[in-house]
Amino acid sequence: MQADWGQVLTAMVTPFDERLAIDEAGVARLVDHLFANGSDGLVVCGTTGEAPTLSPDEKLRMFGLVKECARGRGPVIAGSGDNETATTIELSRAAEAVGADGLLLVTPYYNKPSQEGLYRHFRAAAEAVSVPIVIYNVPGRTSVNMEPATVARLAREAPNIVAVKEASGNMVQASEIVAAAPEGFQVYSGEDGVVLPLLAVGAVGVISVTSHLVGRDLKAMHAAFRAGDTARARRLHLRMLPIVHACFQSTTPSPVPVKAALQMLGLPAGPLRLPLVEATAREREVVASALRAYGLLA
């Protein structure tokens, strides 16, 4: 099985209203904005979507709502992973039933499973559904790193595991995944700051946060790289770095800064659910300064 999902997939925020309920009208507006500004597809209820604070029913509502709002403009990939295999299977089956085009399954967090445990977890989830799956390695969030050999084993033995979102930030590890995985298996960058370097070693694209703001330039960078215009790709990469730094500040976790940026631009985002809190005045000024320098904010 292969999936042609494109190059720029946005890890979409979950817009909330003032009561911290899902802002359904805001979801529709944001989906339109993202598809109009460079996104090939959307990843729903991942890290950026505040998945740990959403109930299973809310996640299913988001999967179905975004699929409806997308109107066929691109794939909708549902974040249905959990740190319990049985729950992952249950939510993944439900996501498939409401029309998700694919699934994003994070490595189980807190449990710190072995490589064999990771293999069995993802293999069991893959066998329970028929849609394509992206496995998501983000050791900075989960405290477990999925090694290249484990990724390659899953890519070989589970036909519907078609891609990995590699967010370790380790360029050598990403290169080893590309080298070890079978032909057709796709590597997506999970770090906005290293997209271009990963393209150079064989990645196909990015599952991005900053594409909420600079999706068109991310798309243009991919196009330039594919066309062999590495000078233009490099210029775009370097131009976007201040936006990357603003969205990934050391003093607060994502998606706090990108939600602040969307608020400044008048786009749907809304507040954050605890335990996440709003950006401080200093953090907001970092965001505002980057947006002004980019020409996005007057």
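The values are calculated or read from the model by the stated rules, or taken from the named source; none is laboratory data. Remember, it's a predicted structure, so these values are computed and weren't measured experimentally. Methodologically, a virtual Cβ is constructed for each residue, glycine included, from the backbone with ideal geometry; neighbour enumeration extends over all protein chains shown. Heads up: the accessible areas ignore ligands, DNA and RNA and are worked out on the full protein's heavy atoms, side chains in. Shrake-Rupley method; radii C 1.70, N 1.55, O 1.52, S 1.80 Å.
I'd like the residue in segment 213-265 that is in contact with a Cys (Cβ under 8 Å, 6 or more places away or on another chain), touching a residue at least 60 places away in the same chain (Cβ under 8 Å) and of a type in the set (A, V, I, L, M, F, W, C) and, out of all such residues, is nearest to Thr53 (Cα to Cα).
Val258
In segment 99-135, how many residues are among the polar types (S, T, N, Q), assigned to a loop (DSSP other than H, G, I, E, B) and either free of Cβ contacts under 8 Å to residues at least 24 places away in the same chain or farther than 26 Å from Asp4 by Cα (or both)?
Just the residues of segment 99-135 that are among the polar types (S, T, N, Q), to begin with: 107, 111, 114-115, 130.
Now drop any that are not assigned to a loop (DSSP other than H, G, I, E, B), which leaves 107, 111, 114, 130.
Subset that is either free of Cβ contacts under 8 Å to residues at least 24 places away in the same chain or farther than 26 Å from Asp4 by Cα (or both): 111, 114.
Number satisfying all stated conditions: 2.
Surrounded by 21 or more Cβ atoms within 10 Å (Cβ to Cβ) and among the β-branched types (Val, Ile, Thr): is that true of Ile77 in this structure?
Taking the combined requirement at face value, the residue satisfies it.
Taking only segment 253-268 into account, find how many residues are farther than 22 Å from Thr142 by Cα and polar (S, T, N, Q).
The qualifying residues number 1.
Please work out which residue is farthest from Ile207 (Cα to Cα), limiting yourself to segment 1-47 and to residues that are open to solvent by less than 10 Å² (accessible area, probe 1.4 Å) and among the β-branched types (Val, Ile, Thr).
By that ranking, first place goes to Val27.
Do we find a residue being assigned to a helix (DSSP H, G or I), hydroxyl-bearing (Ser, Thr, Tyr) and at pLDDT 95 or above anywhere in segment 189-212?
For segment 189-212, residues assigned to a helix (DSSP H, G or I), hydroxyl-bearing (Ser, Thr, Tyr) and at pLDDT 95 or above: present.
Step by step: first the residues of segment 138-185, then only those that are part of a helix (DSSP H, G or I) and of a type in the set (Asp, Glu), then the one that is least open to solvent (accessible area, probe 1.4 Å). Which residue is that?
Glu157
Check every one of the strands (runs of 3 or more DSSP E) wholly within segment 1-81 and list those with 3 or more residues that are in contact (Cβ under 8 Å) with a residue 60 or more places away in the chain.
8-11
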